[in-house]
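*Asks:* Let me begin by handing over the structure; questions about it come next.
Values in this text are rule-based calculations from the coordinates and carry no lab data. All figures in this text were calculated on a predicted structure; none of them were measured in a lab. Heads up, the Cβs are rebuilt from the backbone with ideal geometry, glycines too, and the neighbour counts pull from every protein chain shown.
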């Protein structure tokens, strides 16, 4: 069931409520995806890598101490997983 606000907006724009809801969701997911990607890129730039695998490799080679990057590594792993989920949601919203 849609809210009265959705009904009003759909009438003003002449768009079906379902289409409006779907587009609002799509835009929200896109916004979150941009935020997640930006945060991921900032973490990777901090260590001069372009992937979590490169970051892991730097740790294995001893270029970085795992204890020093643990929080960022954990956060990056979470962000990449979230990015995958958001991409799947976008596909569903098409």
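*Asks:* Testing the spin-label approximation: label points 7 Å from Cα along Cα→Cβ at residue 83 and residue 42. State their distance in nm.
*Replies:* Here the answer is 1.5 nm between the modelled labels.
*Asks:* Related question: Quick one: angle between helix 17-46 and the longest Cα principal axis of the chain, in degrees between 0 and 90, rounded to 10, please.
*Replies:* 10
*Asks:* Tilt of helix 66-92 relative to the longest C-alpha principal axis of the chain, in degrees (0 to 90, nearest 10)?
*Replies:* 30
*Asks:* Note down the relative contact order for region 29-92 as a percent, whole number, built from C-alpha pairs under 8 angstrom at least six residues apart. Present the calculation step by step, with values, prior to reporting the outcome.
*Replies:* Numbers: 35 pairs, mean separation 32.9, N = 64.
Worked out over region 29-92, it gives 51 percent.
*Asks:* Among 76-87, 55-66, how do they line up by average Cβ neighbours within 10 Å per residue, starting with the highest?
*Replies:* 76-87, 55-66
*Asks:* Of the listed peptides 5-18, 37-50, what is their order by residue-averaged count of other C-beta atoms within 10 Å, with the highest listed first?
*Replies:* Listed from highest to lowest mean packing, they are 37-50, 5-18.
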